[in-house]
Amino acid sequence: FVGVGNSGKIVRSTDNGSTFSAVTSVDSIHLNGVAFGNNTFVAVGSGGKIVRSTDNGLTFSAVTSVDSTFLYGVAFGNNTFVGVGSSGKIVRSTDNGSSFTAVTPVNSNISSYPYYHHYGVTFGNNTFVGVGASGSGSDLTDPGSIVRSTDNGSTFTTVPPQNSQYLFGVAFGNNTFVGVGYRGKIVRSTDNGSSFTAVTPVNLTILRGVTFGNNTFLGVGQSGKIVRSTDNGSTFS
């Protein structure tokens, strides 16, 4: 297991998460997300930072950044790493994270949406799905944003309707995508991310992340909040 965080922090566990040890940081730039594929860990962060490990997380090295745009999330699928971030930024690597290129933004008028950001991305059923926010940034009830790629991250399209609040995390399991976000928002898709429907929230606590395992979706958020679904995201408790 590899975790990343503020000031370039990287930690690693080889005993199923029972204990963690520190890995030498590449530098002090914040890291926001990490993914694994093809025996490679890739982490992304502030200022477009990308770092990479091919020795099971023992050591990391810097990858040339596409630009200085913040990256918040990264995912792996079909021999492709996809990173997402602020201002609609999407980057992609098909050489195990050795190099990244920019993907054409979904929104051609990003300048009018200063808070058009992607915060999370995941992969399932040959589909990348990214979630985030779009709007004026006047408050966190601005519309959420969902984007989707079915060509290994080469191109992305928006998923209508975009009527949800900010979404911060997304996961895939049992042919279902689940996204979580502001004010307890939970959305769900069973058609490979072509459309999403709202799930009844547990409460109004902000949910920051979600994952899937053993036929269970788990979402986590502020104030120690944990929510759980055992029916493919149809209901949470």
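The values are calculated or read from the model by the stated rules, or taken from the named source; none is laboratory data. Fair warning: this is a prediction, and the values are worked out from it, not measured in the lab. Glycine gets a Cβ as well: all are built from the backbone with ideal geometry, and neighbour counts include every protein chain shown. Remember, those area values only see protein heavy atoms, side chains included, never the ligands or the DNA or RNA. Shrake-Rupley method; radii C 1.70, N 1.55, O 1.52, S 1.80 Å.
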Looking only at the stretch 202-222, and only at residues there that are more than 16 Å from G173 (Cα to Cα) and either modelled with pLDDT of 95 or more or among the β-branched types (V, I, T) (or both), the one that is most open to solvent (accessible area, probe 1.4 Å) | R208
Which of the residues belonging to the stretch 76-103 are within 13 Å of the chain's Cα centre (by Cα) and closer than 12 Å to S65 by Cβ?
-> G83, G85, K89, V91
Being under 20 Å from the mean Cα position of the chain (by Cα) and either closer than 10 Å to I186 by Cα or touching a residue at least 40 places away in the same chain (Cβ under 8 Å) (or both) is the filter here, so list the residues in the stretch 226-235 that pass it.
-> V227, S229, N232, G233
